[in-house]
1. Output the number of residues of the range D:277-320 satisfying the condition of being in a loop (DSSP other than H, G, I, E, B), within 14 Å of chain A (Cβ to nearest Cβ) and open to solvent by less than 10 Å² (accessible area, probe 1.4 Å).
2. State whether one or more residues within the range D:175-194 are closer than 20 Å to residue D:143 by Cα and among the hydroxyl-bearing types (Ser, Thr, Tyr).
3. Among the listed residues B:123, B:147, identify the single one that is part of a helix (DSSP H, G or I), under 21 Å from residue B:57 (Cα atoms) and touching a strand residue (DSSP E or B) at 6+ places or on another chain (Cβ under 8 Å).
4. Of all residues in the range C:20-36 being at pLDDT 90 or above and open to solvent by less than 30 Å² (accessible area, probe 1.4 Å), which is farthest from ligand 3 (Cβ to nearest atom)?
5. Of the residues that make up the range C:144-160, is at least one free of Cβ contacts under 8 Å to residues at least 40 places away in the same chain, within 12 Å of another protein chain (Cβ to nearest Cβ) and in contact with an Asp or Glu (Cβ under 9 Å, 6 or more places away or on another chain)?
6. Here is a list of conditions, (1) crowded, with 24+ Cβ neighbours inside 10 Å; (2) within 9 Å of another protein chain (Cβ to nearest Cβ), and residue B:178 meets all of them except one; can you say which number that is?
7. Mind listing whichever residues of the range C:26-36 are in a loop (DSSP other than H, G, I, E, B) and either at the interface with chain D (Cβ under 10 Å from one of its Cβ atoms) or out of contact with any helix residue (DSSP H, G or I) (no Cβ under 6 Å at 6 or more places or on another chain) (or both)?
Protein chains: 4
Amino acid sequence: MDEKQNLTEKRKTEHIDIALNKEVQSRNVTTGFERYSFKHNALPEINFRDIDLSTAFMKKGRRTPFLISSMTGGTERAYQINRRLAMAAEKMGWAMGLGSMRAAVENEGVAYTFNIRKYAPTVPIIANLGAVQFNYGYGTKECLRAVEIAEADALVLHLNSMQEAFQPEGDTNFSELLPKIEEVAASLPVPVGVKEVGMGIDGETAKKLREAGIQFLDVAGAGGTSWIQVEKYRSKNKMREQAAEAFQQWGLSTADALIEVRKETAFENIIASGGMKNGVDAAKALVLGADVVGFGRSLLPAAADQDEVAIISKLEQIEFELRAAMFGIGAGTISDLKATNRLLKIEN
Amino acid sequence: MDEKQNLTEKRKTEHIDIALNKEVQSRNVTTGFERYSFKHNALPEINFRDIDLSTAFMKKGRRTPFLISSMTGGTERAYQINRRLAMAAEKMGWAMGLGSMRAAVENEGVAYTFNIRKYAPTVPIIANLGAVQFNYGYGTKECLRAVEIAEADALVLHLNSMQEAFQPEGDTNFSELLPKIEEVAASLPVPVGVKEVGMGIDGETAKKLREAGIQFLDVAGAGGTSWIQVEKYRSKNKMREQAAEAFQQWGLSTADALIEVRKETAFENIIASGGMKNGVDAAKALVLGADVVGFGRSLLPAAADQDEVAIISKLEQIEFELRAAMFGIGAGTISDLKATNRLLKIEN
Amino acid sequence: MDEKQNLTEKRKTEHIDIALNKEVQSRNVTTGFERYSFKHNALPEINFRDIDLSTAFMKKGRRTPFLISSMTGGTERAYQINRRLAMAAEKMGWAMGLGSMRAAVENEGVAYTFNIRKYAPTVPIIANLGAVQFNYGYGTKECLRAVEIAEADALVLHLNSMQEAFQPEGDTNFSELLPKIEEVAASLPVPVGVKEVGMGIDGETAKKLREAGIQFLDVAGAGGTSWIQVEKYRSKNKMREQAAEAFQQWGLSTADALIEVRKETAFENIIASGGMKNGVDAAKALVLGADVVGFGRSLLPAAADQDEVAIISKLEQIEFELRAAMFGIGAGTISDLKATNRLLKIEN
Amino acid sequence: MDEKQNLTEKRKTEHIDIALNKEVQSRNVTTGFERYSFKHNALPEINFRDIDLSTAFMKKGRRTPFLISSMTGGTERAYQINRRLAMAAEKMGWAMGLGSMRAAVENEGVAYTFNIRKYAPTVPIIANLGAVQFNYGYGTKECLRAVEIAEADALVLHLNSMQEAFQPEGDTNFSELLPKIEEVAASLPVPVGVKEVGMGIDGETAKKLREAGIQFLDVAGAGGTSWIQVEKYRSKNKMREQAAEAFQQWGLSTADALIEVRKETAFENIIASGGMKNGVDAAKALVLGADVVGFGRSLLPAAADQDEVAIISKLEQIEFELRAAMFGIGAGTISDLKATNRLLKIEN
Ligand SMILES: Cc1cc2nc3c(=O)[nH]c(=O)nc-3n(C[C@H](O)[C@H](O)[C@@H](O)COP(=O)(O)O)c2cc1C
Ligand SMILES: Cc1cc2nc3c(=O)[nH]c(=O)nc-3n(C[C@H](O)[C@H](O)[C@@H](O)COP(=O)(O)O)c2cc1C
Ligand SMILES: Cc1cc2nc3c(=O)[nH]c(=O)nc-3n(C[C@H](O)[C@H](O)[C@@H](O)COP(=O)(O)O)c2cc1C
Ligand SMILES: Cc1cc2nc3c(=O)[nH]c(=O)nc-3n(C[C@H](O)[C@H](O)[C@@H](O)COP(=O)(O)O)c2cc1C
């Protein structure tokens, strides 16, 4: 293993440790879902047991509108996490995202940490790479390799400018990425999506990405895990550490990003992630325009320190909450939910 | 006593214990009355002693616009509570609601716990059953039986979807209830009403109920006792317990429900209950469209652990507060109060 | 001294003690002045030393736009307070209000406690009686007597419905007072005004009073001393004590009352009192339409436990604050201040 | 040294000590920048390393849009502070303000404390005098002398009415200053600007100053150091000390002042100072209309107790924060930043 790989591995381990043990919740930004509430329907006219969560994602029918967000890979520990998440995803019919696969693309030896297809044979698996790497030598070839390693149904490219800016070793050349993203989207045999990592994608950017041929989008908005906070804990650089304080309010909230993106673009599939706390938040996101809802850090404790049973419990709880919310407003299906007029903006 | 009756009895006892001893106040929803305040009238031009609380309810004149909300029955302890409440209601001229009478309908042996007519010979007594039971074998016959047991002036059917959803043993088939409600309303010799149990009834639902022949409505809105909280304390199921947290903001506030219902429908009698704290809240509810105001849990401590004298003190206090509010704006009668332009929405 | 006088004396003493030592500040209502702020003028173009506070009140020129609010009398201790306040008022050119003079009207023996003309020969002294007494035997004769005792320049009638309602011994017949007020206003040789005691007078009521011939008005709004709180501390009646909690939000704030009254009526003199904390509040009140600003309880500690020097310090501080506020916006005179466009409503 | 010089020196020392050690942050006024937030651009399309902070100030190109605000001089300690600040300013290309130079104009012996040109040969140095001195004998001659002592590129006249009002020895004759300011502006060979010291300059005043020939403006708004607070700590006068409490909400916030001034006037250069906390605040100020952003008290601890290296670190941090904010919205230059539509007012 060379020096660079060593560094990448160290970074991955630190990210998981910090996400598990430190205060990385964004402080002065909320997801925005707390500004909405459902108007209860006292006479729902449905049977709780008949509530149906099935939906379509990437042109196929799916059992649930849920996704385990891209999180990790690249180390043995990350592999164990991915394996457990995959088993739970398969059991529950959730789609499954993988963490950035750069390590595996560059080092055959860790490729196995992303290969969890055997544990999740039937659900969509989404490979993951940083779009900025297109300015550091990456192209279609590396993207194909990532898809291959993961036996993935799709590839998502993440945009993480602020994380890179606050990372000492950051790749911060984000110039002229769009044509390169366009090229990759056109060449790959699987759908290519774009996501943020917790600062949100706004309507204008979504439009550009749509026009560049991107097929799905994860707004990955602010209000949940803050990567500036995460990098603050990793920092040995006092200046960046203090500067992080000034950026506690940075980022477009998940709800606002979702609303903008839905209004501006005609993406077939929009994923909402970033600070999703429970199935009620998920229900709100679905009404506001999401097709699929992603959960990240809230699944990590169970995945890192327990087994797939613990993860499954958590996913069941989220599903129960979504069902209860649908019951509460009388929506028997995801399309009924999306068509409801019972989500109200709370007036101040 | 069979197994099912045993369970019902246990549930009743737990409900009362939890309502008395646990934090069951809704947390992230308020009644909405705090957003209104009265504009003081420095020159009321009335004599405090002449203030007249009399009103009409169910086509008859009544001494006060107040109701003791449906709460209990089915056990000896519940009987004692009902008896004391009935004595106080009679003394003060308040209407009196009974808790769900399913236990009595199914078990002759506990029927006496709802029969408090002898203690309240002159005030309206309201029998109570869950509307959802119409999907579990109930119909006109059972409704008639409940009215008979209670020697009631009216029957109110409660809608409690969220409580059932969070109750392990919950009856959660709420499909196609409306035609069954309509049938019962048409067949019964007494007025039939519908109420929620703390999540509120909105305008749209109220309209449907009105069209189905329902004669009075209790909005039973959010901001007071939260049944999701109550069931959380009863839960042995960890998932439902945690899910309850996600629903802390659920429910249409009593004030909002009242405003919607009054605007959308022409019910002769609308009852406002749910988190009513005092006579000033009651005054606000009356201005916003209620004809009668119901108090539930705030009467329980006196009813459960003390005697009718303690309950009467509490009712007197509420009446004094209503009178003082009417004095403060110069309204000498309930109709003057309802016609006032002195209730203002607090601007933020 | 008969029983009734004894009671009155006891009440007076309790009022002062409670106002000095208990938490009688209104809790859920503020004066409303905190919603306004002055826009600083960096280039005031005036000399601080030339700032002129003189104004007109009751058709005469006065040195300051300030009033010591009606507070006490009827006991030896109250006399000492009145005497010290009068000395300070004279020194600083403030108008001086007296507390309710019913005790003196009914008992020659305590008349001296209101006769402080010798200590304040040149400032306006305002006699005080409760308007509600007109329903308990009072009329022009008693009013004349009060003016005579105080050698007063004016008489103010207070409206205190809520205080009476929460007072065990309260006089709560406020019916048909207006014609009686009109009669008194027409018969008295001095100007007759009306004031509240901390709940505020609104525009509609002000209009009626104006039409009844009332010559000046003290809005005496909410946000300062709450008389319901004061009576709560005096109460031996548990019901009234608890009911007081329900009225913590009662009352029209001083700022709102002022704005309404100024808009609705053409009173020559409007006094703003109720929770005035300092000269900046006074400046805001003057811009919002007051001609004179009254301070009550904030002067009491100095008046009750210290000497006139302490009171004078307090009055000087208030005047300095008013001057500093005028300097800060570049207003050299009270009329400049009243004409400023530099008072802004704080947007939320 | 005569008595008056002694006093001036004592005041200077106290100002620095109080600013360093006491709670002088304004309490009930904020800068207003917290009401704005940037909308993140997930695809910035720029290279972090290419971000260019250069700008124009006083008709010349400058490396950064930053200024060290006028703070001190007149004592040996102040000289050391000025020297270190100058060294840091030179290193980083920040403009450099000096504290009030009245002491130097009146006493040759302390002139050296403002002469830091040798440490900052290439950056703009701004001399400083109080405009109110024009009513106490000052004129063009004294202004020329200040410029000469400092070898300054410009002179800024400060307006500090509230500070003078709360200062026992205050010069509070602010009448008819405008024509005198006009005269000086016309006679001086360098650009003449005007600034407040923390209460803000509004649009109307800015217009007058512009018409009087003033060439640049520093709004020096409220939300940062409060001079009323500073003078409160110096006060031996209890009345002024207590009066200071009443003025905690005084002053036009830096953001509001900036917006007004930019809208009302066509100043070539507007400086925003007053409570600037970091480079994100600076970015907001630049979008809202500032050309240069000034930092005062936040630089003082490093300047007073450490060396120029510590100051440079602080300036670097501020620059990093500005760059990161520009990166986050995809603005590569100061003019791109000023033209962004990504600064949003936070809705309540
Ligand atoms: C520990 C952790 C690691 C993550 N790693 C990646 C990653 O490698 N690639 C990526 O695209 N997003 C990554 N994310 C971001 C999530 O995929 C997702 O965008 C984010 O919105 C999840 O928000 P939440 O943690 O608040 O639920 C990571 C998130 C967490 C918590
Ligand atoms: C202990 C308790 C038991 C209750 N039981 C019933 C019931 O059996 N049937 C029913 O319709 N409502 C029931 N309710 C709800 C009340 O009738 C009413 O709808 C509710 O709004 C009272 O609100 P409050 O407790 O906040 O005053 C119960 C309420 C409480 C507090
Ligand atoms: C101790 C005390 C006694 C008072 N007594 C009277 C009174 O006898 N008659 C009256 O008209 N107002 C009375 N007031 C009310 C004041 O005159 C004035 O209306 C009120 O607005 C003062 O408000 P503040 O105490 O918040 O400054 C009294 C106020 C206080 C604090
Ligand atoms: C310790 C200190 C001394 C100051 N002295 C002066 C001064 O002599 N002349 C002047 O124009 N402004 C002076 N100021 C005000 C600043 O130049 C600037 O106007 C103010 O907005 C800085 O705000 P901040 O301290 O909140 O960053 C001083 C500020 C501080 C903190």
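The values are calculated or read from the model by the stated rules, or taken from the named source; none is laboratory data. Just so we're clear, the structure is a prediction, and the values are computed from it rather than from any experiment. Here Cβ is always computed from backbone atoms with ideal geometry, including for glycine, and neighbour counts include all displayed protein chains. Each accessible area value is taken on the protein alone, full model and side chains, heavy atoms only, with ligands, DNA and RNA left out. Shrake-Rupley method; radii C 1.70, N 1.55, O 1.52, S 1.80 Å.
1. 0
2. Initially, the range D:175-194 is screened for residues closer than 20 Å to residue D:143 by Cα, giving D:175-194.
Remaining after also requiring among the hydroxyl-bearing types (Ser, Thr, Tyr): D:175, D:187.
Within the range D:175-194, one or more residues are closer than 20 Å to residue D:143 by Cα and among the hydroxyl-bearing types (Ser, Thr, Tyr).
3. Values: B:123 fails: part of a helix (DSSP H, G or I).
Of B:123, B:147, the one residue that is part of a helix (DSSP H, G or I), under 21 Å from residue B:57 (Cα atoms) and touching a strand residue (DSSP E or B) at 6+ places or on another chain (Cβ under 8 Å) is B:147.
4. C:36
5. no
6. Of (1) crowded, with 24+ Cβ neighbours inside 10 Å; (2) within 9 Å of another protein chain (Cβ to nearest Cβ), only one is false for residue B:178: (1).
7. The first filter runs over the range C:26-36 and keeps only residues in a loop (DSSP other than H, G, I, E, B), leaving C:26-32.
C:26, C:27, C:28, C:29, C:30, listed by residue number.
For every residue, the table says whether it meets (1) within 25 Å of residue C:321 (Cβ to Cβ); (2) of a type in the set (S, T, N, Q); (3) touching a Pro at 6+ places or on another chain (Cβ under 8 Å).
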{"residue": "D:140", "(1), (2), (3)": "no, yes, no"}
{"residue": "D:148", "(1), (2), (3)": "no, no, no"}
{"residue": "D:153", "(1), (2), (3)": "no, no, yes"}
{"residue": "D:160", "(1), (2), (3)": "yes, yes, no"}
